[in-house]
Structure formats: C-alpha cells, structure tokens
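Before any comments, here is the structure.
The values are calculated or read from the model by the stated rules, or taken from the named source; none is laboratory data. Because the structure is predicted, anything quoted here is derived from the model rather than measured. When we count neighbours, we look across all protein chains shown, and the Cβ atoms used for this are built from the backbone with ideal geometry, even at glycine.
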Amino acid sequence: MSAERESLLEFPSDIPIKIFGRNEPEFRRAVLAIIEQHYGAAYAIAEQQSKQGSYASLTITVRAESRAQIDAVYRELTAHELVLMTL
C-alpha cells in the first residue's frame, strides 16, 4: 500500500496548521514566508495572542494536494528557530 493510501486524509483537502511562537513581527514574517513557499498566496490566516501578549498562535488553512506537501511544510516550520510548536 502506498504512503498516500495509508493516510486517512483525501486530497486535495483544506488543512489547518497551527503555529506557536513569540508575539513578534519576525515570527509572523518567517511563518508566512514558509507557507507561501509551499502554497503560494492561497491560504487563510487567523491569529490569537496569549493572555499576557507574549506569544502568538497562527492558524493557517491551506489547500493541500498531497501528504508529502503537508509533511514538507511541517518539517520546515518545526525546524525554524522562531517557531516554538506546530500542530
């Protein structure tokens, strides 16, 4: 069975990606640069700040064409020094 068929997701599919980091403009710029590299400008974004305003959570919904595309963006996001966590 191929890796594509092992996934419970069907493609293309809208996938929300939640990214956490410090509430700084550099964090947002870095995340959006990674997302745009993989998906272009076709995404929706929602932002929420922590109670104290120190941290930000970005929920970016993208239209994924394959599991490999999702895996690639997650690897790049989690490897970035300004990203604290990705779900």
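The number of residues in region 19-35 being touching a residue at least 40 places away in the same chain (Cβ under 8 Å) and of a type in the set (K, R) comes to 1.
Going residue by residue through region 8-22, is there one that turns out to be touching an Asp or Glu at 6+ places or on another chain (Cβ under 6 Å) and buried (at least 17 other Cβ atoms within 10 Å of the Cβ)? No, the conditions are met nowhere in region 8-22.
In summary, strands (runs of 3 or more DSSP E) completely within the chain and bearing 1 or more residues that are modelled with pLDDT of 95 or more and polar (S, T, N, Q) occur at 43-49, 55-64, 83-86. Answer yes or no as to whether I34 is in contact with a Phe, Trp or Tyr (Cβ under 9 Å, 6 or more places away or on another chain) and crowded, with 17+ Cβ neighbours inside 10 Å. No: the conditions fail for I34. If you go through region 36-70 and pick out every residue that is in contact (Cβ under 8 Å) with a residue 40 or more places away in the chain and of a type in the set (S, T, N, Q), you end up with 3.
Of the residues screened, Q52 is not one that is of a type in the set (S, T, N, Q) and touching a His at 6+ places or on another chain (Cβ under 8 Å).
Tell me, yes or no, whether region 6-18 has at least one residue that is touching a Gly at 6+ places or on another chain (Cβ under 7 Å) and of a type in the set (A, V, I, L, M). I'd like the intermediate steps shown before the answer.
Here is the first cut: in region 6-18, the residues touching a Gly at 6+ places or on another chain (Cβ under 7 Å) are none.
No, because not a single residue in region 6-18 is touching a Gly at 6+ places or on another chain (Cβ under 7 Å) and of a type in the set (A, V, I, L, M).
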